[in-house]
Amino acid sequence: EAADKSANEKNAFISNISHDMRTPLNAVIGLADLALQEQDPTVKADYLTQIKYSGELLNSLINDFLTISKTNSGRLQLQEKPLDTGELIRSIQSEIQPLAEKKGVQFLVDTQEMRRRTVLADQLNLEKIFLNLLSNAVKFTSSGKKVIFSVQDDPQGGEDPALIFVVRDSGIGITPEFLPHIFEPFSQEKRKGYESVGTGLGLSIVKQLVELMHGSIEVQSTVGEGSAFT
């Protein structure tokens with residue numbers, strides 16, 4: 001039964017990823033045909049912009065697919081190096097701030113309870129975790145509302161405390177029915193007005209990376225009030 005379940009999940013995964021790859025690839029091919037036939041430079045430039053967007057979407061999907069594949073097979077190795085925690089927070093903030101400003105969302109970073117120090121960590125995959133969570137938070141938060149990224153030392157951690165990160169938004173929230181499935185691959189809650197163009201792989205990757213780093217992640221959410229990922 002376990003083998004059958006594993007085979008069915010693998011087949012469903014391949015089916016989903018093939019479908020999601022085909023969508024932006026078809027857009028690239030179709031728009032390239034239109035661009036080749038178009039004489040107006042302005043219209044041609046618009047087609048090229050759309051091709052670039054579809055290409056970036058496809059590239060992002062392939063990267064997500066490779067990350068999932070490597071973590072599932074145990075082949076993803078962390079590249080741990082000395083990392084300044086202050087530099088990590090600044091790097092994440094510089095990526096998210098423009099997204100928040102573009103949407104009119106107030107982005108706040110709170111590190112008052114974090115002691116700046118050097119830790120051994122995989123910066124690229126750490127950033128991948130928080131950029132995923134924070135971009136989602138901005139996406140599902142209305143203009144004029146807040147997204148808060150707080151980082152603190154574990155009060156019970158002694159001289160070498162673990163870090164506790166919280167991504168808190170004041171967005172649409174997650175229904176109690178969907179909450180148990182939020183970290184499953186390809187799972188996306190369908191909410192009117194918030195249809196996502198993503199693949200539903202982001203949070204699954206986040207959970208796998210967190211567990212690979214021997215961390216934990218949990219979420220609390222109230223519909224209409226927001227969510228907090230810790």
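The values are calculated or read from the model by the stated rules, or taken from the named source; none is laboratory data. Given the structure is predicted, the values throughout are model-derived calculations rather than measurements. Note that we place each Cβ from the backbone using ideal geometry, even for glycine, and neighbour counts take in every protein chain shown. For accessibility, only protein heavy atoms count, side chains too; no ligands or nucleic acids. Shrake-Rupley method; radii C 1.70, N 1.55, O 1.52, S 1.80 Å.
For the reader, a short list of remarks on this structure follows.
- For the peptides 26-33, 73-80, residues were scored by their other Cβ atoms within 10 Å and the scores averaged per peptide; the highest-first order is 26-33, 73-80.
- Placing R0 at 30 angstrom, the Cβ-Cβ distance between His19 and Leu179 gives a FRET efficiency of 0.75 after rounding to 0.05.
- All C-alpha to C-alpha distances of the chain, sorted into 5 Å bins beginning at zero, yield P(r) values of 1, 6, 11, 15, 17, 16, 14, 9, 6, 3, 1, 1, 0, 0 percent in whole numbers.
- Packing-based order for 149-156, 202-209, using average beta carbon neighbours within 10 Å, highest first: 202-209, 149-156
- Dipole of segment 68-150 computed with +1 at Lys/Arg Cβ and -1 at Asp/Glu Cβ about the Cα centre; of Gln106, Gly86, Ala121, farthest Cα towards the positive end is Gln106.
- Across the accessible surface of the chain, with the other protein chains kept in place and a 1.4 Å probe, carbon and sulfur atoms take up 53 percent.
- Ala3 paired with Thr111, simple spin-label distance in nm, labels 7 Å along Cα-to-beta-carbon: 5.2
- Distance between the modelled labels on Lys190 and Leu120, one decimal in nanometres: 4.8 nm (7 Å Cα→Cβ projection).
- Put simply, the Cα atoms of segment 56-178 extend 39, 38, 32 Å along their principal axes, the longest span coming first.
- His214-Glu38 FRET efficiency (beta carbon distance; Förster radius 41 Å; 0.05 resolution): 0.15
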